[in-house]
1. When DSSP beta bridges are limited to those with both residues in the chain, what percentage is antiparallel, rounded to the nearest 5?
2. Would you mind checking the tilt of helix 53-66 against the longest principal axis of the Cα atoms of the chain, expressed as 0 to 90 degrees and rounded to 10?
3. Contour minus end-to-end for R126 and D45, with contour as 0.36 nm per residue of separation and end-to-end as the Cα-Cα distance?
4. Would you mind pulling out the separation of the Cα centroids of region 175-222 and region 1-76, in Å?
5. Enter the accessible area per residue of region 43-197 (Å², integer; probe 1.4 Å; all protein chains in place).
6. In region 33-164, what percent of the accessible surface is made up of carbon and sulfur (1.4 Å probe, ligands and nucleic acids excluded)?
7. Tell me the angle of helix 159-170 to the major Cα principal axis of the chain, expressed in degrees between 0 and 90 and rounded to the nearest ten.
8. Give me the extension gain from H91 to R105: residue separation times 0.36 nm, minus the current Cα-Cα distance, reported in nm with one decimal.
Amino acid sequence: MATLYLVRHGQASFGASDYDQLSELGRRQSERLGEYWRERHLSFDAVYTGTLRRHAQTWAGIAAGAGYDQEVIALEGLNEYDSEAVIHAIHPQPLQKPDTPELYRHHFRLLRDGLRQWMNGVVSPRGMPSYDAFRAGVSDVLEQVRRNHAGDVLIVSSGGPIATAVGEVLGTTPETTIELNLRIRNSALTQFDFNPRRHSLVSFNTLPHLDHPDLASWVTHA
């Protein structure tokens, strides 16, 4: 049985005008994950990413750390939802930049509520697919992995698609999928075993490459 490794991108630029850009710490997280895999001689039959910049930058860091040199399959089905559009759908008034703990918590309370309404078909955020279509995109990628590969596969994506993949495998409710989504840490690993018939969850949201006291400050969520 082969293993599918799903990696959330490294720390991006939360609160900046362009979130879709790794921070310097995000680059270091990605490279450290690659180094961790190089130390364990891990290789992949295939690598899939979303088409967002932070996905490509995370893969570039992993590849640099591990010494990987292989083609990447970039798929829109692995792209994140638009969190600003989700929040705007339920709170159209302008929000302050989330630069304090309270504003940060307020941002994520709104996001949680907006996601719940989107996933239940209550709101349709501008420029976004329905949740059913978003979920189908993730399911299509999982099916492609099962159908086309017999060895280990890497996916570099975002919290939403990874949580949705876990939800598809475990059959969770939308509410549970949201909570999984909002707990996935930057550069965290989720692992599935897979065969041509199904995926099975092995681990969720782990950071073995940062498991050292000197790297405690490298653990981030946004």
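The values are calculated or read from the model by the stated rules, or taken from the named source; none is laboratory data. Everything numeric in this text was worked out from a predicted model, so none of it was measured. Note: areas computed on protein heavy atoms with side chains; ligands, DNA, RNA excluded. Shrake-Rupley method; radii C 1.70, N 1.55, O 1.52, S 1.80 Å.
1. If I count the DSSP bridges inside the chain, around 50 percent turn out antiparallel.
2. Once rounded, the angle reads 30 degrees.
3. 25.5 nm
4. Cα centroid of region 175-222 versus Cα centroid of region 1-76: 13 Å apart.
5. Numbers: 7390 Å² over 155 residues.
Result: 48 Å² per residue.
6. 47 percent
7. Around 70 degrees separate the two axes.
8. Numbers: separation 14, 0.36 × 14 = 5.04 nm, distance 1.50 nm.
Taking H91 through R105 to full extension adds about 3.5 nm, to one decimal.
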